[in-house]
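Chemist: Before I ask anything, here is the structure I am working with.
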Amino acid sequence: MESPSFTLIIPAAGIGKRMGSDTPKPYLMLKGKSVLEHTLSCFRGIDSLKQVIVSTSVSYHDQTSEILNRLFDEVETAVVEGGERRQDSIYNAFQKVSPSIQYVAVHDAVRPFIRAGSITECLNVTAETGAAIVGVPVKDTIKRVDAENIIKQTPDRSELWQAQTPQIFRKDLYGRAYNYAKDHDVEVTDDASLFEAAGIDVRIVEGDRENLKLTYPVDFRIAEMLVDSINP
């Protein structure tokens, strides 16, 4: 099955507070390359990728443009200014999606180990359903607590998944979900939640646990080991 053509949006305007660094996480160096470059490289060679848009702070525009031009010489690229919130940064990028594109993929700038097979499978499921994300079943018991950290509920683990990226959507549905969020003042931490709020079904595709998000210093140490295992 031929995968549908898509635009990749990478929100890279976040700061590195939880990483304990003044440098934004996407621009921290990981084994000689920025985390952003590692992440973007995962999408090289996917024939259905037609456009890459990165939203970031103004001070990193030039560095981001250089990375994009070096990695994607045959793919249209753009850098846009990030917004106050993650969803604002993504929406700014969404305004630049080519009119000819039917599908939009959003991927975290700090998930540098997504596999090409997971990207392709998520694309194919999106082509069938309109919206799909990559995720993995949770492996720990989850507790819901109140404001005093008192446990109130233990959800059934068999029904819980950890959301990852990419999250891929049909472009017209994506626009509908964002318009709903703006009209109803919906604030979320991932795009699938926008679709849920708008009443649009999203399918989840099982991915890989190595597709970790670099958030804390321990994640960075794990990432260094993963890079070494990929490039011994």
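The values are calculated or read from the model by the stated rules, or taken from the named source; none is laboratory data. The model shown is predicted, which means the values in this text are computed figures rather than measured ones. Glycine also receives a Cβ, built like all others from the backbone with ideal geometry; neighbour counts cover every protein chain displayed. Protein only, heavy atoms only, side chains kept; ligands, DNA and RNA dropped before computing areas. Shrake-Rupley method; radii C 1.70, N 1.55, O 1.52, S 1.80 Å.
Chemist: In the stretch 190-204, is there at least one residue being in a helix (DSSP H, G or I), without any contact (Cβ under 8 Å) to a residue 24 or more places away in the chain and touching a strand residue (DSSP E or B) at 6+ places or on another chain (Cβ under 8 Å)?
Modeler: no
Chemist: Okay, moving on. Looking at the stretch 2-24, I want the residues that are more than 17 Å from PHE220 (Cα to Cα) and loosely packed, with under 14 Cβ neighbours inside 10 Å and have a partner that is among the basic types (Lys, Arg) and modelled with pLDDT under 85 with Cβ atoms under 8 Å, at least 6 apart or on another chain. Which pairs are those?
Modeler: So the pair list comes out empty.
Chemist: Among the numbered criteria (1) within 21 Å of ALA177 (Cβ to Cβ); (2) touching a Lys or Arg at 6+ places or on another chain (Cβ under 8 Å); (3) surrounded by 22 or more Cβ atoms within 10 Å (Cβ to Cβ), which one does SER98 miss?
Modeler: In the conditions (1) within 21 Å of ALA177 (Cβ to Cβ); (2) touching a Lys or Arg at 6+ places or on another chain (Cβ under 8 Å); (3) surrounded by 22 or more Cβ atoms within 10 Å (Cβ to Cβ), SER98 misses (3) alone.
Chemist: Could you list all residues from the stretch 141-178 that are assigned to a helix (DSSP H, G or I), exposed (fewer than 10 other Cβ atoms within 10 Å of the Cβ) and among the hydroxyl-bearing types (Ser, Thr, Tyr)?
Modeler: Scanning the stretch 141-178 gives a single hit, SER158.
Chemist: May I ask you to list pairs of residues, at least six apart or on different chains, whose Cβ atoms are under 6 Å apart, with the first in the stretch 106-130 being closer than 13 Å to THR165 by Cα and among the charged types (D, E, K, R) and the second being open to solvent by less than 20 Å² (accessible area, probe 1.4 Å) and at pLDDT 95 or above?
Modeler: Cβ pairs passing all conditions: ASP108/THR165; ARG111/THR165; ARG111/ASN211; GLU121/VAL205.
Chemist: Something else now. Among the numbered conditions (1) out of contact with any Ser or Thr (no Cβ under 7 Å at 6 or more places or on another chain); (2) assigned to a loop (DSSP other than H, G, I, E, B); (3) of a type in the set (Asp, Glu), tell me where ASP219 comes up short.
Modeler: (2)
Chemist: To continue, here is another question. Name every residue in the stretch 153-170 that is of a type in the set (Ser, Thr, Tyr) and touching a His at 6+ places or on another chain (Cβ under 6 Å), in order of residue number.
Modeler: Hit for the stretch 153-170 is THR165, nothing else.
Chemist: I've got another one for you. Where residues in the stretch 60-78 are β-branched (Val, Ile, Thr) and either touching a residue at least 60 places away in the same chain (Cβ under 8 Å) or in contact with a helix residue (DSSP H, G or I) (Cβ under 8 Å, 6 or more places away or on another chain) (or both), which of them is surrounded by the most Cβ atoms within 10 Å (Cβ to Cβ)?
Modeler: Only one residue fits best here, namely THR64.
Chemist: Could you figure out which of (1) among the acidic types (Asp, Glu); (2) outside any helix (DSSP H, G or I); (3) under 25 Å from ASN92 (Cα atoms) isn't true of GLU210?
Modeler: Against the list (1) among the acidic types (Asp, Glu); (2) outside any helix (DSSP H, G or I); (3) under 25 Å from ASN92 (Cα atoms), GLU210 comes up short only on (3).
Chemist: Does TYR103 fit the bill of being within 23 Å of GLU37 (Cα to Cα), modelled with pLDDT of 95 or more and open to solvent by less than 90 Å² (accessible area, probe 1.4 Å)?
Modeler: yes
Chemist: Right, next: Taking the stretch 31-59 only, how many residues are of a type outside the set (Gly, Ala, Ser), farther than 20 Å from GLY117 by Cα and either at pLDDT below 95 or surrounded by fewer than 17 Cβ atoms within 10 Å (Cβ to Cβ) (or both)?
Modeler: Residues meeting the conditions: 3.
Chemist: Right, another one. Name the residue, out of ALA132, ALA163, that is closer than 20 Å to THR215 by Cβ, small (Gly, Ala, Ser) and modelled with pLDDT of 95 or more.
Modeler: Among ALA132, ALA163, only ALA163 is closer than 20 Å to THR215 by Cβ, small (Gly, Ala, Ser) and modelled with pLDDT of 95 or more.
Chemist: Inside the stretch 98-125, can you point out the residues that are under 15 Å from LEU49 (Cα atoms) and more than 15 Å from the chain's Cα centre (by Cα)?
Modeler: Residues satisfying the conditions are SER98, PRO99, SER100, ILE101, GLN102, GLY117, GLU121, ASN124.
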